[in-house]
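Peer 1: Below is the structure I would like to discuss, written out as structure tokens.
The values are calculated or read from the model by the stated rules, or taken from the named source; none is laboratory data. Keep in mind the model is a prediction, meaning the values are calculated, not measured. We place every Cβ from the backbone using ideal geometry, glycine too, and count neighbours over all the protein chains shown.
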Amino acid sequence: MGRPRRVPVGLNGGMPNLVPPVVAPGTLAAYAQPVIDAGRGLVLRPWTHRDASVLLAARQDPLIRRWGVRSVESIEEAEEMITALADGWKTETTAGWAVARGEEILGHAGLRTIDLKEGVAECAYWVRPMARGQGIAPVALRALSKWSIGVAGLHRIELYHSVENMPSCQVAAKSGYTLEGTVRSAVLHEDGWHDMHLHALVDE
């Protein structure tokens with residue numbers, strides 16, 4: 001469901017950059033993580049520790065486990081994941097939202113990685129089994145993308161998924177993401193290395 005960004009280390013050697021950051025450091029951390037109105041009665045809201053049992057149950061779903069490439073086996077691990085998301089907002093490196101309708105959590109949408117300097121982030125999402133087939137993922141992803149570019153000021157949002165995960169390809173297309181190509185043997189899943197489709201949405 002994602003691919004770690006490989007960023008060269010130490011190339012600048014402390015020398016000043018000719019190009020300023022696309023988004024100034026501190027822009028996100030300066031305010032609380034927002035609630036995003038996605039329409040159709042859906043909102044993207046920050047995960048809280050009260051949601052740990054829902055997160056744990058969702059991460060037992062075979063499809064979420066397969067494409068998410070991470071297990072959550074206890075309430076404690078779910079709480080650790082929620083804490084990591086909150087910390088990611090403070091450090092401006094990642095962000096995650098529960099996709100909710102009223103009090104019911106239907107899925108997740110977020111930015112796996114955020115690079116404010118480059119103005120690039122990588123999105124991720126999943127939907128719980130009982131909410132699939134309702135168009136939840138595209139609605140949530142479009143709302144997240146609109147906020148990421150229009151409010152946060154990012155320039156490019158990337159979306160990676162295994163070439164075997166065709167539903168994600170459909171979500172990307174419905175959400176306005178252009179298929180840019182295939183990244184070969186890029187992510188190791190339980191069944192081996194997977195080629196990944198790369199989609200992207202850019203601020204035109």
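Peer 1: Filter segment 108-144 for residues that are among the small types (Gly, Ala, Ser) and crowded, with 22+ Cβ neighbours inside 10 Å and give the result. Steps first, please.
Peer 2: So the first thing to find is which residues in segment 108-144 are among the small types (Gly, Ala, Ser), and the list is 109-110, 119, 121, 124, 131, 133, 135, 137, 140, 143.
Listed by number, the residues that qualify are Ala109, Gly110, Ala121, Ala124, Ala137, Ala140, Ala143.
Peer 1: Let me ask something additional. Just to be sure I understand, how many residues within segment 155-182 are assigned to a loop (DSSP other than H, G, I, E, B) and small (Gly, Ala, Ser)? Steps first, answer last, please.
Peer 2: Going residue by residue through segment 155-182, those that are assigned to a loop (DSSP other than H, G, I, E, B) are 155, 163-165, 175-177.
Cutting the leftovers down to small (Gly, Ala, Ser) gives us 175-176.
The qualifying residues number 2.
Peer 1: Can you name every residue in segment 183-204 that is under 19 Å from the mean Cα position of the chain (by Cα), assigned to a strand (DSSP E or B) and either over 27 Å from Gly133 (Cβ atoms) or among the small types (Gly, Ala, Ser) (or both)?
Peer 2: Correct list: Val183, Ala186, Leu188, Ala200, Val202.
Peer 1: Being of a type in the set (Val, Ile, Thr) and surrounded by fewer than 18 Cβ atoms within 10 Å (Cβ to Cβ) is the filter here, so list the residues in segment 145-176 that pass it.
Peer 2: Here is the first cut: in segment 145-176, the ones of a type in the set (Val, Ile, Thr) are 149, 151, 157, 163, 171.
Val151, Val163 - these are the residues of segment 145-176 that are of a type in the set (Val, Ile, Thr) and surrounded by fewer than 18 Cβ atoms within 10 Å (Cβ to Cβ).
Peer 1: So which of Arg112, Arg70, Arg66 is part of a helix (DSSP H, G or I), within 17 Å of the chain's Cα centre (by Cα) and of a type outside the set (Ser, Thr, Tyr)? Full working, then the answer.
Peer 2: Numbers: Arg112 fails: part of a helix (DSSP H, G or I); Arg70 fails: part of a helix (DSSP H, G or I).
Within the list Arg112, Arg70, Arg66, the selection yields Arg66.
Peer 1: Also, I was wondering about something else. With Val43, Val22, Val54 as the choices, which residue is in contact (Cβ under 8 Å) with a residue 24 or more places away in the chain and assigned to a loop (DSSP other than H, G, I, E, B)? Can you show your working first?
Peer 2: Details: Val43 fails: assigned to a loop (DSSP other than H, G, I, E, B); Val54 fails: assigned to a loop (DSSP other than H, G, I, E, B).
Exactly one of Val43, Val22, Val54 is in contact (Cβ under 8 Å) with a residue 24 or more places away in the chain and assigned to a loop (DSSP other than H, G, I, E, B), namely Val22.
Peer 1: Name, by its number, the condition in (1) charged (D, E, K, R); (2) free of Cβ contacts under 8 Å to residues at least 12 places away in the same chain; (3) within 30 Å of Asn17 (Cβ to Cβ) that does not hold for Arg65.
Peer 2: The one condition Arg65 does not meet is (3).
Peer 1: Starting from segment 116-142, take each residue that is closer than 22 Å to Val69 by Cα and list its partners that are assigned to a strand (DSSP E or B) and among the acidic types (Asp, Glu), counting only C-beta distances under 6 angstrom and pairs at least six apart or across chains.
Peer 2: Correct list of pairs: Glu122/Glu158.
Peer 1: Under 8 Å by Cβ, and 6 or more places apart or on different chains, what pairs join a residue from segment 147-169 that is under 26 Å from His189 (Cα atoms) and in contact (Cβ under 8 Å) with a residue 24 or more places away in the chain with one that is aromatic (Phe, Trp, Tyr) and outside any loop (DSSP other than H, G, I, E, B)?
Peer 2: Listed pairs, sorted by first residue: His161/Trp67; Ser162/Trp67; Asn165/Trp67; Ser168/Trp67.
Peer 1: Any chance segment 185-193 includes a residue that's crowded, with 19+ Cβ neighbours inside 10 Å and either without any contact (Cβ under 8 Å) to a residue 60 or more places away in the chain or among the hydroxyl-bearing types (Ser, Thr, Tyr) (or both)?
Peer 2: No, every residue in segment 185-193 fails to be crowded, with 19+ Cβ neighbours inside 10 Å and either without any contact (Cβ under 8 Å) to a residue 60 or more places away in the chain or among the hydroxyl-bearing types (Ser, Thr, Tyr) (or both).
Peer 1: Quick test of your reading of the structure: Val69 fulfils all but one of (1) under 23 Å from Ser145 (Cβ atoms); (2) modelled with pLDDT of 95 or more; (3) of a type in the set (A, V, I, L, M). Name the failing condition by number.
Peer 2: (2)
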